[in-house]
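Working notes, structure below.
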Amino acid sequence: MSTAEVLDQALKLTPYERFTIVDSLIQSLDRPDENLNKIWLDEAERRLIAYREGRLKGIPAEEIFGDE
């Protein structure tokens, strides 16, 4: 079935049924990449260790975000 055919069939559904499909599709796109999460976690841990050992300096939030 082509994309156009799927869309044509979906448009014949009730608003609630269409909402359910749209919600499910959006959720399927919003799943976190576990491999990417692991990479960021490892990087955060490396930075924290470097900070605690004095090999990395912190930057005050005021310098980054300004006086808001």
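All of the numbers you see were taken from the coordinates with simple rules; none came from a lab. The shown structure was predicted, so the numbers you read here are calculated from the model rather than taken from an experiment. Positions of Cβ are backbone-derived with ideal geometry, glycine not excepted, and every protein chain shown enters the neighbour counts.
Expressed in nm to one decimal, what extension gain is obtained for the pair Ala10 and Asn37 from 0.36 nm per residue of sequence separation less their Cα-Cα distance? Show your work: numbers first, answer last.
Values: separation 27, 0.36 × 27 = 9.72 nm, distance 3.41 nm.
Gain on stretching Ala10 to Asn37: 6.3 nm.
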TODO: Give the residue from Ala4, Ile49, Phe65 lying farthest towards the positive end of the charge dipole for the chain; charges sit on Cβ (+1 for Lys and Arg, -1 for Asp and Glu) and the dipole is referred to the Cα centre.
DONE: Ile49
- [ ] Please report, in debye to the nearest 20, how large the charge dipole of the chain is about its Cα centre when each Lys and Arg carries +1 at its beta carbon and each Asp and Glu carries -1 there.
- [x] 260 debye
